[in-house]
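**Q** Sharing a structure, written as structure tokens. Questions coming.
The values are calculated or read from the model by the stated rules, or taken from the named source; none is laboratory data. Remember, predicted model here, so these are calculated numbers, not experimental data. Here the Cβ positions follow ideal geometry from the backbone for every residue, glycine too, while neighbour counts run over all protein chains shown. Note: accessible area is taken over every heavy atom of the protein model, side chains too, but ligands, DNA and RNA are not part of it. Shrake-Rupley method; radii C 1.70, N 1.55, O 1.52, S 1.80 Å.
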Amino acid sequence: MLELVELRKSYGSLDVLRGVNLRVYPAELVCVIGPSGSGKSTMLRCCNRLEEPSDGQVVINGQDIMRSDVDVNQVRQNVGMVFQHFNLYPHLNVLGNITLALRQVQKKSKAEAETIAQEALAKVGLAHKASAFPSQLSGGQQQRVGIARGIALKPQVMLFDEPTSALDPELVDEVLQVMRALRDEGMTMLVVTHEMAFAHAAADRVIFMDGGVVAEAGTPAEIFENPQQERTRSFVGRYM
Ligand code: ADP
Ligand code: MG
């Protein structure tokens, strides 16, 4: 569903991605772990062209999205993204946040957009919060709205960049639960996370990034219980 081939990204003389190769198969949940600054966010942002790679391929469902004739708006509908800091519009209520792209990008009618938004809200357990404003919600609820906004566009892949890192510890689980439910429904997901217990329990595969490359990839058992590389061992050892 998602394939990165020799993906490179440099900022001036700083080589952030140095040839990332990675595949996510349909309905897989792949977790990306690794030290701060290893290029995880940059890699995710290349997957929906929030960032332009310097070289390499990003292939979504068979389509090379870096081709010049590809419509970036189309790509962003196919590849949903959930951010660490939710990025909700404070002046719009929950329904308004979710229907915005449905109406402006997908050109749906107000009624149709609201029906889809309500379905998405129900999936994240927030059907009763449609008319609330972001400031009236807890961080966990805001992030669940962020997820609802992503899935409302019916993307082929969902990307998550540390979706629980900005949350108080007691709010982390409700967001992880929603992500597990999505995965159980067959959503294809690439998740950058520091929640090692989640990666261990919920991921189909785990990718360890270090220094702008995939240093090691494997099943959760392989990465957490029997890492082959010294740097993986040292990183996961701090959490286990
Ligand atoms: P991670 O998400 O793994 O912490 P990032 O992808 O955010 O890593 O960043 C990797 C490296 O790229 C860091 O050294 C960071 O400072 C640098 N970087 C990220 N974005 C930019 C940018 N827009 N301009 C310059 N350097 C950047
Ligand atoms: Mg990051």
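**Q** Running Debye on the stretch 1-159 with equal point scatterers at the Cα sites and no solvent, what base-10 log of I(q)/I(0) appears at q = 0.13, 0.16 Å⁻¹?
**A** -0.67, -0.95
**Q** Separate question: When the chain is modelled as a GNM with alpha-carbon springs shorter than 10 Å, which of L137, L159, L102 fluctuates the most?
**A** Evaluated over the chain, the most mobile residue of the options is L137.
**Q** Would you tally the net charge around G140, using a Cβ to Cβ cut-off of less than 10 Å, leaving G140 out, and scoring K and R as +1, D and E as -1?
**A** Counting the neighbours of G140, the net charge comes to -3.
**Q** So, one more: Greater than 27 Å separation of Cα atoms is the criterion. Which listed pairs, K40/K108; K110/K154; K107/K129; K9/K108; K129/K154, meet it?
**A** K40/K108; K9/K108
**Q** Across 5 Å bins from the origin, how do the percents of Cα pairs in the stretch 57-144 run, short distances first?
**A** Whole-percent P(r) values from 0 Å outward: 3, 13, 20, 21, 17, 12, 9, 5, 1.
**Q** Given just the C-alpha atoms of the stretch 1-76, how large is their convex hull per residue in cubic angstrom?
**A** Spread over its residues, the Cα hull of the stretch 1-76 gives 91 Å³ apiece.
**Q** Find the Rg to Rh ratio for the stretch 141-240, where Rh is the Kirkwood radius over alpha-carbon pairs and Rg uses the same atoms.
**A** With Rg and the Kirkwood Rh in hand, the quotient comes to 0.98.
**Q** Once you've got the GNM for the chain with C-alpha springs shorter than 10 Å, pick whichever of Q141, Q74, Q229 has the biggest mean-square fluctuation.
**A** Q229
**Q** Within the chain, what percent of beta bridges assigned by DSSP are antiparallel, to the nearest 5?
**A** For the chain, the DSSP antiparallel bridge percentage is about 55.
**Q** Provide, for q = 0.14, 0.23, 0.29 Å⁻¹, the log10 of I(q)/I(0) from a solvent-free Debye sum over equal Cα point scatterers in the stretch 135-197.
**A** Once normalised to I(0) and log-transformed, intensities are -0.37, -1.01, -1.48.
**Q** Quick check: Cα centre of the stretch 222-240 to Cα centre of the stretch 15-32, how many Å?
**A** First find each Cα centre; the distance between them is then 18 Å.
**Q** Expressed as an acute angle from 0 to 90° and rounded to the nearest 10, what is the orientation of the C-alpha long axis of helix 94-104 relative to the principal long axis of the chain?
**A** The angle comes out at about 80 degrees.
**Q** Probe radius 1.4 Å, ligands and nucleic acids left out: which of L95, L14 has the largest accessible area, and how do the rest follow?
**A** Per-residue accessible area, sorted high to low, gives L14, L95.
**Q** Between beta-carbons, use under 14 Å as the cut-off and find the net charge around T232, counting Lys and Arg +1, Asp and Glu -1.
**A** In short, -1.
**Q** A follow-up question, please. By how many degrees, between 0 and 90 and to the nearest 10, does the Cα long axis of helix 110-123 differ from the longest principal axis of the chain?
**A** Tilt relative to the chain: about 50 degrees.
**Q** Rg over Rh of the stretch 165-216, using C-alpha atoms and the Kirkwood radius, what does it come to?
**A** 0.99
**Q** Using the Kirkwood radius built from alpha carbon pairs, what does the Stokes-Einstein equation give as D for the stretch 96-183 at 20 °C and 1.002 mPa s, in µm² per second?
**A** Result for D is 161 µm²/s.
**Q** In the chain, carbon and sulfur make up what percent of the accessible area (probe 1.4 Å)?
**A** 46
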